[in-house]
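Below: one structure, written as structure tokens.
The values are calculated or read from the model by the stated rules, or taken from the named source; none is laboratory data. Just so we're clear, the structure is a prediction, and the values are computed from it rather than from any experiment. Neighbour counts are summed over all protein chains in view; Cβ atoms, including those assigned to glycine, are modelled from backbone coordinates with ideal geometry.
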Amino acid sequence: MDLKELIKIMEALRSDKGCPWDKEQTRESLKPFIVEEAYELIEAIEENDPENIKEELGDLLFQIVFQCQVAKEGNEFNISDVIEKIGKKMIARHPHVFGKANYKTTDEVLVHWEIQKKSEGKLRQSILEGVPKAMPSLLRAHRLQDRAARVGFDWEKVEDVLKKLDEELKEFKEALATKKQEEIEDELGDIFFMLVNISRFIGVNPEDALRKTISKFIHRFRYIEMKAAEQGFKLSEMTLTEMDRLWDEAKGKKI
């Protein structure tokens, strides 16, 4: 099966004799599925499961085909237009590959990338424009900080960033003492922002790091649940000390 056959399947699903659910979908109603499929693909990549990655790529591709079919029915564009547009864009933005330009470093490529965007009519009043508001907050903070760093708004060494984090922690403790929720929220946000800055500075994607920690937490907590069940206990019947002991046990087993 190839892309053309997948498109025919999509057309059949949306036809008069097609699936009632598929026929009811709109561009707006499909948005949550795009996000869901993208995250399922990320999870499959992190688990390094080729078969699952293949399946999730297919699910995400299907959402793209779905959006293109909706647009085609509205006489806006079709999937060929989408492919042509991205193809031309990639060629134009990589003259060092498809042309005579001679960019040797990533920094040189990124500078050209911004210049090319302007030539395409994507004029920006700020270098921070163009980072989607719908992005997860950690990832959006990372992208915004990265944009600012491109023009020199950055720390010289990680020790400077850590010093700033200490300052933010001190201010957060002071806000806690005031018991003013707005101030507490503001200072906590500053801490998150600084942690993202640290992760960017040392080359770690904060979204990936937190997602992996969440996965680790789930596995260790499930270990506690399993061990408690084996001993005939409910978690609500255990003390925090007992649960901590099982947590350390899971940690020791690299769970």
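A few points about this structure:
- Exactly one residue among Lys251, Lys227 is in a helix (DSSP H, G or I) and surrounded by fewer than 13 Cβ atoms within 10 Å (Cβ to Cβ), and that residue is Lys251.
- Residue match in the stretch 89-96 (condition: under 30 Å from Phe192 (Cα atoms) and outside the structural domain of Glu37 (by TED's automatic domain parsing)): no
Condition check ((1) more than 22 Å from the chain's Cα centre (by Cα); (2) more than 30 Å from Asp208 (Cα to Cα); (3) in contact (Cβ under 8 Å) with a residue 12 or more places away in the chain) across all residues:
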residue: Glu56; (1), (2), (3): no, no, yes
residue: Phe62; (1), (2), (3): no, no, yes
residue: Gln69; (1), (2), (3): yes, yes, yes
residue: Glu73; (1), (2), (3): yes, yes, yes
residue: His96; (1), (2), (3): yes, yes, yes
residue: Gly99; (1), (2), (3): yes, yes, no
residue: Thr105; (1), (2), (3): yes, no, no
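- Meets criteria (surrounded by 15 or more Cβ atoms within 10 Å (Cβ to Cβ), touching a Lys or Arg at 6+ places or on another chain (Cβ under 8 Å) and modelled with pLDDT under 95) for Gln69: no
- Screening the stretch 199-215 for residues that are free of Cβ contacts under 8 Å to residues at least 24 places away in the same chain and surrounded by 12 or more Cβ atoms within 10 Å (Cβ to Cβ) and picking the one that is farthest from Asp154 (Cα to Cα) gives Ala209.
- Count of the stretch 165-194 residues, restricted to those that are over 17 Å from Met135 (Cβ atoms), in contact (Cβ under 8 Å) with a residue 24 or more places away in the chain and within 25 Å of the chain's Cα centre (by Cα), is 3.
- Scan of the stretch 68-97 for residues that are under 19 Å from Leu30 (Cβ atoms) and assigned to a helix (DSSP H, G or I), ordered by number: Cys68, Gln69, Val70, Ala71, Lys72, Glu73, Ile79, Asp81, Val82
- Taken over the stretch 165-181, residues that are modelled with pLDDT under 95 and either outside any helix (DSSP H, G or I) or surrounded by 13 or more Cβ atoms within 10 Å (Cβ to Cβ) (or both) amount to 2.
- Note on the stretch 28-57: residues that are within 28 Å of Gly74 (Cα to Cα) and of a type in the set (A, V, I, L, M, F, W, C) amount to 6.
- Residues considered: Phe66, Phe77. Of these, the only one that is closer than 30 Å to Leu6 by Cα and in contact with a Leu (Cβ under 8 Å, 6 or more places away or on another chain) is Phe66.
- For Ala12, the stated conditions do not hold, so it cannot be described as in a helix (DSSP H, G or I) and surrounded by 14 or more Cβ atoms within 10 Å (Cβ to Cβ).
- Looking only at residues of the stretch 75-94 that are under 30 Å from Lys8 (Cβ atoms) and among the hydrophobic types (A, V, I, L, M, F, W, C), we find that the one that is farthest from the chain's Cα centre (by Cα) is Phe77.
- Residue match in the stretch 101-120 (condition: among the basic types (Lys, Arg), modelled with pLDDT of 85 or more and assigned to a helix (DSSP H, G or I)): no
- So Phe62, is it of a type outside the set (Asp, Glu), more than 22 Å from Arg143 (Cβ to Cβ), modelled with pLDDT of 95 or more and not in a helix (DSSP H, G or I): no
- Count - residues of the stretch 153-164 that are surrounded by 10 or more Cβ atoms within 10 Å (Cβ to Cβ), over 26 Å from Ser126 (Cβ atoms) and under 27 Å from the mean Cα position of the chain (by Cα): 2
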